[in-house]
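Novice: Let me begin by handing over the structure; questions about it come next.
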Amino acid sequence: MRDYRYPRGADLQDRVGGFYKWQDLRRSHGMWPFSRSTEESPSTVTAARNDAGGKFRGVNFASQDYLSLSVHPAIKQVALDVIHEFGVHSAGSAALLGNTSHSVKLERKIADFLGTEEAILFPTGWAAGYGVIKGLVRSTDHVVMDALAHTCLQEGANAATRNIYLFRHNRVDECRRWLEKIRSTDTTNGIMVVTEGLFSMDSDTPDLPALQALCHEFDATLMVDVAHDLGNLGRDGKGFIGDQGMLGKIDLVMGSFSKTFGSNGGFVACRSREIKEYLRFYSPPCTFSNALSPSQAATVMKAFEIIESAEGQQLRDKLMTNILSLRSQLVEAGFEVYGDPSAIVCVKMGSEGLARLVSRRLPDAGLIANLVEFPAVPKGQARFRMQVMAEHTEANIRDAVSALRSAYGAGRAEFEERQADFGSDAAKQVAA
C-alpha cells in the first residue's frame, strides 16, 4: 500500500485510481483479505462477507474482544438499560454538554484503576493516541518515539512537530542517546517519549521503569499506550504497567476500550486536573468530537466491574490458557510465533506473496484471521495476527491450527510452483 500513499497528479480525485486498480486486481484473484464484514456477533465462531459480497463462516481469530465481553449478558443488558434512560447519543462535545453521569464516573474509575490523579475520555482509542500528543506538544518541542509505535501516535507526532526522533524497538540505550543529543542544544522546550505497554505486531513490552527514569533525568514526559494489555493481562488486569510496578508512576497513560472493554472509545490518564482540562480544550479530537455515548460509557464501566471481580480473574486465566495452547499447537505444527504470550499471537509467513496465497485459502479452510503485510510490518515479514478470546474453546484452537496448516500447505505449494515458473521464464529471456 505504501506505493500509493503519495499519488501524483493535479486532480486529487483522479489520481487515486491507481490504488483501486491494484486493489481490485487483488480482489479479483481472492487476495484482498481486508474490509470484511460480520453477519453475526464477533463471537468465537461467526459468519462474514468479503468486500465483494462472498459469504464464509469460520472460527474467529480476527476480532479484538480479548475477554469476550462484547457478547457478555451483563454488558448487553447495561447498554440496553442506559439506552432506554439516556437515548443512543451523547449529542455534544465533552467540552460543552456531551458528558453524562456515566462518563464522569468512568473517568474517575480509570484514574483510580491506574493510580493516577485524573483521566479524560476520547471518542476512540485512535483519537486518544493522536490527541494526547497533538494536545501537549508544540512545534518547537520534541517527540522521541519507539520506531514501532502505533500509527495514531506517529500521526499525532507528525501533526504536532517536525522534531521527531525514532529509536530502535525497545532500545532504552538509543532513547537515551536521543535525549542526550536534544538536551545538549535545547534545555527550554519540551520532550515527549512515546512507547506502548504491549506492541501488537510483535507481542513484546519495553522496560517502563527505565524509560520513566530517563524522562526524569532529562526533564521529559513519558507517554505509554496500554491499548492491548490493560484489563486482560497482568495482576488484577493492570497490564504491564502493573506487572512492572509502575502504577501511578507513568506520566501519561493512554488506552483504548475496543480491545478488552466491549466498546469503542479511549482515554488519557494523567497526574493533575490541570493537564486534564488542558487536553479537554486543546486536544482537537476531544474538543471537536462528540463525547462517548451514554451506553458506551456505561458499558465500559460495567466491563471494569467485571474485570475487577472474581469472574474477571477467571476470564483472564481462561484467556492465558487459550493463548498458551494456541502458541504451543502452532509451534508443534511447524509455525514460528512472535514475542511473549499475549492475546495477540502473530504467526510468521515472511514473503508477502506466500502470505497472500495462504490468506486466499483461509475462508474455505474455516479460519478467519487477519493478514498483516508491509508497510504495517517490515518488508518480507508478513504474518497472520491471530487474536485470542477468553471464550475460545480447545476445539476452536485445534480447528484454527488445522485450518492454517492446510491453507499453508496448499499456499506454499502454489508459491513454489510460481517461483519455479518465474525462474524458468527469466532464464528464457536471458537466453534470448
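Novice: Of the residues A160, A119, A111, only one is farther than 30 Å from F86 by Cβ and among the aliphatic types (A, V, I, L, M); which?
Specialist: Details: A119 fails: farther than 30 Å from F86 by Cβ; A111 fails: farther than 30 Å from F86 by Cβ.
On inspection, the qualifying residue turns out to be A160.
Novice: State which residue is farthest from F34 (Cα to Cα) when the search covers only the range 342-373 and only residues that are in a loop (DSSP other than H, G, I, E, B) and within 16 Å of the chain's Cα centre (by Cα). Let's see the steps before the verdict.
Specialist: Taking the range 342-373 first, the residues in a loop (DSSP other than H, G, I, E, B) are 342-343, 351, 366, 369, 373.
Filter again for within 16 Å of the chain's Cα centre (by Cα), leaving 342-343, 369, 373.
On the way: S342: 23, A343: 21, A369: 10, E373: 11 Å.
Result: S342.
Novice: Further question: Quick one: which of I164, I133, I191 is of a type outside the set (D, E), more than 20 Å from Q64 (Cβ to Cβ) and touching a Gly at 6+ places or on another chain (Cβ under 7 Å)?
Specialist: Working: I164 fails: touching a Gly at 6+ places or on another chain (Cβ under 7 Å); I191 fails: touching a Gly at 6+ places or on another chain (Cβ under 7 Å).
Going through I164, I133, I191 in turn, just one is of a type outside the set (D, E), more than 20 Å from Q64 (Cβ to Cβ) and touching a Gly at 6+ places or on another chain (Cβ under 7 Å): I133.
Novice: Out of A403, A395, A413, I need the residue that is without any contact (Cβ under 8 Å) to a residue 24 or more places away in the chain and more than 16 Å from S68 (Cβ to Cβ). Which one? So that I can check it myself, show each step before the final result.
Specialist: Values: A403 fails: without any contact (Cβ under 8 Å) to a residue 24 or more places away in the chain; A395 fails: more than 16 Å from S68 (Cβ to Cβ).
Checking each option against the conditions leaves just A413.
Novice: Related question: Of everything in the range 215-240, what is among the hydrophobic types (A, V, I, L, M, F, W, C), in contact with a strand residue (DSSP E or B) (Cβ under 7 Å, 6 or more places away or on another chain) and either free of Cβ contacts under 8 Å to residues at least 24 places away in the same chain or not in a loop (DSSP other than H, G, I, E, B) (or both)? Give them in sequence order. Reasoning before the result, please.
Specialist: Within the range 215-240, the subset among the hydrophobic types (A, V, I, L, M, F, W, C) is 215, 218, 220, 222-224, 226-227, 230, 233, 240.
Then keep just the ones that are in contact with a strand residue (DSSP E or B) (Cβ under 7 Å, 6 or more places away or on another chain); that gives 215, 218, 220, 222-224, 226-227, 230.
Across the range 215-240, the qualifying residues are C215, L222, M223, V224.
Novice: Quick one: is L121 aliphatic (A, V, I, L, M), in contact with a Gly (Cβ under 7 Å, 6 or more places away or on another chain) and in contact (Cβ under 8 Å) with a residue 40 or more places away in the chain? Even if it seems obvious, please write down each step before you answer.
Specialist: Numbers: aliphatic (A, V, I, L, M): yes; in contact with a Gly (Cβ under 7 Å, 6 or more places away or on another chain): yes; in contact (Cβ under 8 Å) with a residue 40 or more places away in the chain: yes.
In short, yes.
Novice: Go through the residues of the range 148-160 one by one and say whether even a single one is more than 22 Å from the chain's Cα centre (by Cα) and surrounded by fewer than 17 Cβ atoms within 10 Å (Cβ to Cβ). It would help to see each step written out before you state the result.
Specialist: Taking the range 148-160 first, the residues more than 22 Å from the chain's Cα centre (by Cα) are none.
Taking every residue of the range 148-160 in turn, none turns out to be more than 22 Å from the chain's Cα centre (by Cα) and surrounded by fewer than 17 Cβ atoms within 10 Å (Cβ to Cβ).
Novice: A follow-up question, please. Pick from M254, M201, M246: which is in a strand (DSSP E or B) and not β-branched (V, I, T)? Spell out how you get there, then give the answer.
Specialist: Values: M201 fails: in a strand (DSSP E or B); M246 fails: in a strand (DSSP E or B).
Matching residue, one of M254, M201, M246: M254.
Novice: On to the next question. Go through A297, A269 for me and flag whichever is in a helix (DSSP H, G or I) and of a type outside the set (D, E, K, R). Step through it out loud before you land on a result.
Specialist: Values: A269 fails: in a helix (DSSP H, G or I).
So the residue among A297, A269 that is in a helix (DSSP H, G or I) and of a type outside the set (D, E, K, R) is A297.
Novice: Do we find a residue being in a strand (DSSP E or B) and farther than 17 Å from A343 by Cβ anywhere in the range 376-388? Give the steps one after another, and end with the answer.
Specialist: Within the range 376-388, the first condition is being in a strand (DSSP E or B), and the residues that meet it are 382-387.
Narrowing the set further to residues that are farther than 17 Å from A343 by Cβ leaves 382.
Yes, the range 376-388 contains a residue that is in a strand (DSSP E or B) and farther than 17 Å from A343 by Cβ.
Novice: Against the conditions (1) under 29 Å from P123 (Cα atoms); (2) in the same structural domain as Q419 (by TED's automatic domain parsing); (3) surrounded by fewer than 23 Cβ atoms within 10 Å (Cβ to Cβ), where does E274 fall short? Just the number, please.
Specialist: (2)
Novice: Take the residues of the range 5-25 that are under 18 Å from L371 (Cβ atoms) and either touching a helix residue (DSSP H, G or I) at 6+ places or on another chain (Cβ under 6 Å) or not charged (D, E, K, R) (or both): which is surrounded by the most Cβ atoms within 10 Å (Cβ to Cβ)?
Specialist: Here is the first cut: in the range 5-25, the residues under 18 Å from L371 (Cβ atoms) are 19, 22-25.
Adding the requirement that they be either touching a helix residue (DSSP H, G or I) at 6+ places or on another chain (Cβ under 6 Å) or not charged (D, E, K, R) (or both) leaves 19, 22-23, 25.
On the way: F19: 14, W22: 14, Q23: 17, L25: 11.
Taking the candidates together, the pick is Q23.
The values are calculated or read from the model by the stated rules, or taken from the named source; none is laboratory data. Being a predicted model, the structure only gives us computed values, none of them experimental. So basically every Cβ, Gly included, is an ideal-geometry build from the backbone, and we count neighbours across all protein chains shown.
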